[in-house]
Amino acid sequence: DVEEPRPVVIFVHGFKGFKDWGSNPYVCESLARRGFYSIAFNFSHNGTEGHGQEFSRLDRFERNTFSREVAELLEVIDAVEGLRVPHFERVDAEHVGLIGHSRGGGIAIQGASREPAVRAVAVWGAVSTFDRYTDHQKDRWRTDGYLESKNMRTGQDMRLGIGLLRDVEIHRLELDIETAARRLGRPLLVVHGEQDLSVRIDDGERIVAAADPVLTEFAPIAQTGHTFGAVHPFEGSTPALEEVVDRTAKFLARHLG
């Protein structure tokens with residue numbers, strides 16, 4: 001039997017993340033079991049190499065920018081529209097949705113606001129601004145040419161190059177996430193752990209306040225944090241993660257079905 005084309009969901013990973021981090025493969029597999037064509041990808045400058053799960057390319061990580069990630073997401077969406085993906089016969093390119101986690105949530109809102117092909121967006125623990133640095137950090141960044149950010153999981157000091165700061169300053173208006181949410185004009189689900197210490201729930205509330213209230217759903221998740229209890233390496237799902245996946249899958253089914 002010929003399988004009917006499936007609506008597409010593209011998963012956008014966050015800062016110091018990668019497509020195979022922790023629960024990401026499980027999430028994509030869960031969506032596939034629910035009838036979606038799931039895509040996860042690595043940003044070219046996320047610090048990993050190929051399908052690896054180690055940050056072995058810190059030189060690339062240092063050269064990354066927000067604008068680069070938005071452009072690469074648009075390339076992935078374009079590949080879906082052009083059916084330049086594996087098993088393209090299973091793709092319903094007329095029904096495309098995005099899921100973005102953390103910084104990837106901001107990238108997803110930015111990408112969707114620029115690409116009419118995206119019909120719905122879900123963001124998990126999303127940032128409401130890319131400009132998250134103090135004046136003191138920025139001064140040191142300009143002086144040194146980089147800002148170090150500790151990876152608490154691996155112990156690595158990961159440098160953010162001066163290009164990232166210049167990007168957010170030069171393209172401040174274009175990269176404004178709340179402005180992008182305001183002009184999105186499509187269904188938006190904002191999921192946020194109430195105990196998120198990495199990206200506080202205030203960020204989610206700001207995105208909701210900026211977006212169209214008729215098209216926007218806010219889902220605070222009680223007693224959970226930034227990754228909804230998931231860890232890397234993956235040790236299994238959690239009740240909070242199951243709630244997030246279920247809420248997101250139902251939202252996407254309504255708007256992509």
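Might you let me know whether the range 117-125 holds any residue that is loosely packed, with under 15 Cβ neighbours inside 10 Å and under 27 Å from Ile170 (Cα atoms)?
No, the range 117-125 contains no residue that is loosely packed, with under 15 Cβ neighbours inside 10 Å and under 27 Å from Ile170 (Cα atoms).
Each row is one residue, and each column tells you yes or no for (1) closer than 20 Å to Asn151 by Cα; (2) surrounded by 22 or more Cβ atoms within 10 Å (Cβ to Cβ); (3) free of Cβ contacts under 8 Å to residues at least 12 places away in the same chain.
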residue: Glu3; (1), (2), (3): no, no, no
residue: Pro7; (1), (2), (3): no, yes, no
residue: Ile10; (1), (2), (3): no, yes, no
residue: Phe18; (1), (2), (3): yes, yes, no
residue: Val27; (1), (2), (3): no, yes, no
residue: Ala32; (1), (2), (3): no, no, yes
residue: Tyr37; (1), (2), (3): no, yes, no
residue: Phe41; (1), (2), (3): no, no, no
residue: His45; (1), (2), (3): yes, no, no
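Does Ser102 qualify as being in contact (Cβ under 8 Å) with a residue 24 or more places away in the chain, of a type in the set (S, T, N, Q), surrounded by fewer than 19 Cβ atoms within 10 Å (Cβ to Cβ) and closer than 30 Å to Leu173 by Cβ?
no
Give me the residue from the range 11-69 that is outside any loop (DSSP other than H, G, I, E, B) and small (Gly, Ala, Ser) and, out of that set, farthest from Val121 (Cα to Cα).
Checking each candidate, the answer is Ser67.
I'd like the full set of residues that are more than 26 Å from Lys150 (Cα to Cα), of a type in the set (A, V, I, L, M, F, W, C), in contact (Cβ under 8 Å) with a residue 24 or more places away in the chain and not in a helix (DSSP H, G or I), limited to the range 192-230.
Ala211, Leu215, Phe218, Ala219, Ile221, Ala222 - these are the residues of the range 192-230 that are more than 26 Å from Lys150 (Cα to Cα), of a type in the set (A, V, I, L, M, F, W, C), in contact (Cβ under 8 Å) with a residue 24 or more places away in the chain and not in a helix (DSSP H, G or I).
Any idea which of Glu81, Glu94, Glu72, Glu148 is within 13 Å of Val12 (Cα to Cα) and among the charged types (D, E, K, R)?
Step by step, each of Glu81, Glu94, Glu72, Glu148 is checked, and only Glu72 is within 13 Å of Val12 (Cα to Cα) and among the charged types (D, E, K, R).
Of everything in the range 127-145, what is farther than 14 Å from Leu175 by Cα and either crowded, with 19+ Cβ neighbours inside 10 Å or acidic (Asp, Glu) (or both)? Give them in sequence order.
Passing the criteria: Asp135, Asp139, Trp141, Asp144.
Out of Ala181, Ala209, Ala222, which single residue is under 19 Å from the mean Cα position of the chain (by Cα) and among the aliphatic types (A, V, I, L, M)?
Going through Ala181, Ala209, Ala222 in turn, just one is under 19 Å from the mean Cα position of the chain (by Cα) and among the aliphatic types (A, V, I, L, M): Ala181.
Restricting attention to the range 79-99, and to residues there that are part of a helix (DSSP H, G or I) and without any contact (Cβ under 8 Å) to a residue 24 or more places away in the chain, which single residue is farthest from the chain's Cα centre (by Cα)?
Phe88
When the range 199-243 is examined, which residues are found to be closer than 24 Å to Phe130 by Cα, in contact with a helix residue (DSSP H, G or I) (Cβ under 7 Å, 6 or more places away or on another chain) and among the hydroxyl-bearing types (Ser, Thr, Tyr)?
Thr216, Thr224
Taking the condition of being farther than 23 Å from Gly257 by Cα and of a type outside the set (S, T, N, Q), how many residues in the range 1-40 meet it?
10
Residues of the range 153-178 being in contact (Cβ under 8 Å) with a residue 60 or more places away in the chain and not charged (D, E, K, R), which ones?
Thr154, Gln156, Met158, Leu160, Gly161, Gly163, Leu164, Val168, His171, Leu175, Ile177
Among the residues of the range 179-199, count how many are of a type outside the set (Gly, Ala, Ser) and surrounded by fewer than 17 Cβ atoms within 10 Å (Cβ to Cβ).
Final tally of qualifying residues: 6.
Within the set of pairs 6+ apart or on separate chains, which have a first residue in the range 47-62 that is within 12 Å of Gly17 (Cβ to Cβ), a second that is assigned to a helix (DSSP H, G or I) and of a type in the set (A, V, I, L, M, F, W, C), and C-beta atoms under 7 Å apart?
Filtered contacts from the range 47-62: Gly47/Leu58; Gly47/Phe61; Phe55/Phe61.
Look through Phe130, Phe88 and report the one residue that is among the aromatic types (Phe, Trp, Tyr) and either touching a Phe, Trp or Tyr at 6+ places or on another chain (Cβ under 7 Å) or over 30 Å from Glu4 (Cα atoms) (or both).
Phe130
Here are some residues: Glu62, Glu72, Glu94. Which one is modelled with pLDDT of 95 or more, under 23 Å from Ser198 (Cα atoms) and acidic (Asp, Glu)?
Result: Glu62 is the single residue among Glu62, Glu72, Glu94 that is modelled with pLDDT of 95 or more, under 23 Å from Ser198 (Cα atoms) and acidic (Asp, Glu).
The values are calculated or read from the model by the stated rules, or taken from the named source; none is laboratory data. Since the structure is predicted, the reported quantities are computational estimates derived from the model, not experimental observations. Note that we place each Cβ from the backbone using ideal geometry, even for glycine, and neighbour counts take in every protein chain shown.
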